[in-house]
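Worksheet: one structure, shown below.
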Amino acid sequence: MAPTAQMGKLRPGRVEWLASGHTERPRLFQNLLLFLWALLNCGLGVSAQGPGEWTPWVSWTRCSSSCGRGVSVRSRRCLRLPGEEPCWGDSHEYRLCRLPDCPPGAVPFRDLQCALYNGRPVLGTQKTYQWVPFHGAPNQCDLNCLAEGHAFYHSFGRVLDGTACSPGAQGVCVAGRCLSAGCDGLLGSGALEDRCGRCGGANDSCLFVQRVFRDAGAFAGYWNVTLIPEGARHIRVEHRSRNHLALMGGDGRYVLNGDWAVSPPGTYEAAGTHVVYTRDTGPQETLQAAGPTSHDLLLQVLLQEPNPGIEFEFWLPRERYSPFQARVQALGWPLRQPQPRGVEPQPPAAPAVTPARTPTLAPDPCPPCPDTRGRAHRLLHYCGSDFVFQARVLGRHRQAQETRYEVRIQLVYKNRSPLRAREYVWAPGHCPCPMLAPHRDYLMAVQRLVSPDGTQDQLLLPHAGYARPWSPAEDSRIRLTARRCPS
């Protein structure tokens with residue numbers, strides 16, 4: 001049975017190398033120079049050391065298939081002198097090539113290879129069979145074919161390069177091995193995209209935006225949570241309540257849970273990506289999308305009960321963050337500058353042993369802080385602050401002009417915009433007042449400081465501000481203070 005012309009072209013086992021004629025002369029001339037150099041070194045008695053040298057890569061071959069997926073290969077040769085080590089690296093590289101889809105009804109590549117043996121004597125007898133692929137054999141890159149109407153299969157050697165390892169699989173067979181293509185298109189390279197969408201990147205071309213929306217809302221209905229801007233990747237939204245997440249496209253039409261109607265869980269098309277919406281029997285909802293989004297999306301919540309917090313996160317290219325923040329602030333949803341992803345609090349350092357003070361010791365480089373006790377000081381800073389919360393200090397980093405505390409928010413008394421579970425609090429000076437100790441809980445009142453261009457958005461603990469160790473008594477005092485602020 002002759003193979004049909006609808007599937008990939010079958011070629012003999014040898015690889016067809018394509019190299020234009022005008023590239024051969026420079027390569028021959030280069031090889032001649034290397035040969036003369038080797039003779040000269042041998043004549044001078046120079047001992048060879050180290051590995052050999054590769055010739056340049058030859059051109060990529062044509063795709064192994066005429067439609068669908070196939071493989072292209074290129075090679076190089078190792079030139080080495082007697083005594084030299086082999087060249088480091090591979091002599092062949094394979095890449096996945098994608099062509100237009102095969103027409104409906106085309107014979108699959110593996111079926112076509114098995115069909116080549118139809119009506120041909122095998123197994124040392126004159127009996128012939130009709131062969132179809134068999135996928136239950138151990139090596140999926142062998143051409144294992146089942147004799148139709150019989151309970152045995154036969155292996156005819158390896159499948160041709162570019163054959164799918166199994167039906168529906170992403171890997172393809174190359175030289176008898178099942179390989180998957182990396183993001184660089186090379187088979188077996190293992191190259192992966194980073195969170196920014198860059199092949200082999202290090203997540204340094206984008207920023208990780210992560211927030212918790214805590215506004216409770218004064219009435220039932222739709223409330224804006226955040227803008228998910230164009231170019232966002234790896235989007236995730238989650239909450240636990242009887243409220244419902246809603247998503248609106250750039251044209252003002254709802255993608256899901258709009259117009260007071262609850263959409264079923266499933267996958268939805270939005271902004272050029274697939275949004276997976278799940279809702280568990282317990283009061284939990286999630287939205288996930290790989291991105292990147294092709295235009296802005298508006299995330300909302302349909303409130304039916306007080307909002308316990310909606311966690312959302314996504315990765316955004318650095319050049320898109322400032323315009324995104326400007327638009328969010330214009331809409332009245334202030335977001336602080338995102339922090340580097342993957343920075344975890346350092347383990348507690350061993351306490352330093354401080355020798356007993358004697359008159360001969362140098363004075364403490366940090367002068368004592370002013371006295372900030374009293375009801376008036378607490379009232380002044382509580383009423384004039386943007387945020388008041390109980391937090392545990394996870395770490396402290398001193399810089400030339402300021403000190404940065406990483407804190408974990410535990411209880412919020414006052415907030416004018418959403419807070420994350422972890423925040424950075426900045427204090428002026430190398431010796432801030434008051435000085436906060438790591439791994440202790442504090443009640444603190446902080447202000448929000450935004451630079452004119454919108455590139456810096458920080459929580460600031462003013463000098464001699466309100467930050468006191470948490471205690472039940474201090475908790476009662478701060479609650480009483482909240483009632484006395486002027487309206």
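The values are calculated or read from the model by the stated rules, or taken from the named source; none is laboratory data. None of the values given here were measured: they were computed from a predicted structure. All Cβ positions, even for glycine, are placed from backbone atoms using ideal geometry, and neighbour counts span all protein chains on display. Calculation scope for accessible area: heavy atoms of the full protein, side chains included, ligands and nucleic acids excluded. Shrake-Rupley method; radii C 1.70, N 1.55, O 1.52, S 1.80 Å.
Some notes on this structure:
- When the surface is traced with a 1.4 Å probe over the full set of protein chains, Arg484 keeps roughly 120 Å² accessible.
- Accessible surface of the stretch 78-155 [probe 1.4 Å, protein heavy atoms]: carbon and sulfur percent: 53
- Measuring max minus min along each principal axis, the C-alpha atoms of the stretch 224-269 give extents of 29, 24, 22 Å (largest first).
- In the full protein context, the stretch 177-231 carries 49 Å² of accessible surface per residue, based on a 1.4 Å probe and ignoring ligands, DNA and RNA.
- The simple spin-label model puts a point 7 Å past each Cα toward its Cβ; for Asn415 and Arg253 those points are separated by 3.5 nm.
- Per-residue SASA entry for Trp57, accessible area with 1.4 Å probe, Å² rounded to 10: 70
- Shown are Leu143, Leu160, whose ranking by accessible area with a 1.4 Å probe and every protein chain present, most to least, is Leu160, Leu143.
- Pairwise label distance in nanometres, Ser75 with Leu123, each label 7 Å out on the Cα-Cβ vector: 3.6
- Here the alpha carbons of the stretch 50-90 define both size measures, Rg and Dmax, at 14.7, 46 Å.
- Per-residue SASA entry for Phe134, accessible area with 1.4 Å probe, Å² rounded to 10: 60
- The stretch 427-479: translational diffusion in µm²/s, Stokes-Einstein, Kirkwood Rh over Cα pairs, 25 °C, 0.890 mPa s: 195
- Check: the stretch 208-271 dipole with +1 on Lys, Arg Cβ and -1 on Asp, Glu Cβ, in debye: 300
- Of the residues Lys127, Lys414, ranked by 1.4 Å probe accessible area with the largest first, the sequence reads Lys127, Lys414.
- Take the Cβ atoms of Phe156 and Glu53, set R0 to 45 Å, and the FRET efficiency comes out at 0.70.
- Rg ratio (alpha-carbon, reference 2.2 N^0.38 Å) - the stretch 135-189: 1.26
- Semi-axis lengths, largest first, of the ellipsoid equivalent to the stretch 52-181 are 34, 20, 12 Å, with √(5λ) applied to each eigenvalue of the Cα gyration tensor.
- Pairs of Cα atoms nearer than 8 Å and 6+ residues apart set the relative contact order; for the stretch 86-184 it is 18 percent.
- Cα Rg, Dmax, the stretch 106-210, angstrom units: 19.7, 71
- Under the criterion of Cα pairs below 8 Å and six or more residues apart, the relative contact order for the stretch 161-320 equals 30 percent.
- When only alpha carbons are used to place a centre, the stretch 262-285 and the stretch 110-148 end up 46 Å from one another.
- Solvent exposure ordering (accessible area, 1.4 Å, most first) of Arg468, Arg448: Arg448, Arg468
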